[in-house]
Amino acid sequence: MMLDLFSFDLLTASWLDIQGMPAISVFESPHTGLDNFAKRSLDLVAGSMILGLIVIPMLLIALGIKLTSKGPVLFRQQRYGIGGEPITVWKFRTMTVMDAGDKNLVQASKGDSRITPFGGFLRRTSVDELPQFLNVISGTMSIVGPRPHAIIHNEFYRTAIHGYMLRHKVKPGITGLAQIKGYRGETDTLAKMEGRTKYDLEYIRSWSLWLDIKLIVMTAFGGFLNKNAY
């Protein structure tokens, strides 16, 4: 009897030996061994260089937030990291109402009254996500990978979209293939999240260090701007 491997949604599958018996790991992370070392090295080197370039702009953004609205400069939210483990993700605060997304599915939408005028600019240009380079340096995130979603969103989409949680086979990222393909901002329809998930899994299947470098460059030259980001 032959095993039909094509009946599975393979994700960087690999052969294993379990006590002398051959087995197949159907869902596997591409970041193991030297590949994991290479990706982490890229995160540390590129992340440190980028932080050096953005430290002054980040200070100016922090000042702008303090001068234009009441509340803390930074906003933190619990999200899922690699393996589905909870992590704390940092962003610049862009709303007057700081909803952490722990109790409902209300995402920021066009004309959202919670978003401050300065916060709207930060969100449209994605510079509100710059503090996440601190997550990269600490090792909870990568520069490139599937975007982390609020935990309540994960709990909803894990049952609504086939293979959704496979995104957590790798570290979440600041940017990724889905974002370059235009899947940024509000996911007000299931189809939008399905499209994002499709490209997230495609990224994992086709990962290479060169792909990460290419996506970083593409993000730097226009990937932060998108009509769906608000």
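Full extension of the chain segment joining W210 with R40 gains 59.8 nm, where the gain is 0.36 nm per residue of separation less the Cα-Cα distance.
Calculate the FRET efficiency for T32 and T96 from the Cβ-Cβ distance with a Förster distance of 45 Å, rounded to the nearest 0.05.
Details: r = 44 Å, r/R0 = 0.98.
My answer for the efficiency is 0.55.
Each Lys and Arg Cβ is given +1 and each Asp and Glu Cβ -1; about its Cα centre, region 33-223 then shows a dipole of about 180 debye. For L74, the residues whose amide H sits under 5 Å from its own are R93, ignoring neighbours fewer than 5 places away on the same chain, with H placed 1.01 Å from N. Note on K198 and M218: with the Förster distance fixed at 25 Å, the Cβ-Cβ geometry gives a FRET efficiency of about 0.85. Give the residue from I65, G47, V170 lying farthest towards the positive end of the charge dipole for region 33-223; charges sit on Cβ (+1 for Lys and Arg, -1 for Asp and Glu) and the dipole is referred to the Cα centre. Result: I65.
Set the bar at 23 Å for Cα to Cα. Now go through K181/K214; K66/K192; K91/K198; K39/K169; K66/K181; K70/K192 and name every pair that lies beyond it. Before the final figure, lay out the partial values.
Values: K181/K214 13 Å; K66/K192 34 Å; K91/K198 25 Å; K39/K169 14 Å; K66/K181 34 Å; K70/K192 33 Å.
Correct reply: K66/K192; K91/K198; K66/K181; K70/K192.
Extents of region 134-208, taken as max minus min of Cα coordinates on every principal axis and listed largest first, are 33, 25, 21 Å.
Read-outs: derived from the displayed coordinates by stated rules, not from any lab. From a predicted model like this one, the values you see are computed outputs, not experimental measurements. Backbone-built Cβ (ideal geometry, glycine too); neighbour counts: all protein chains shown.
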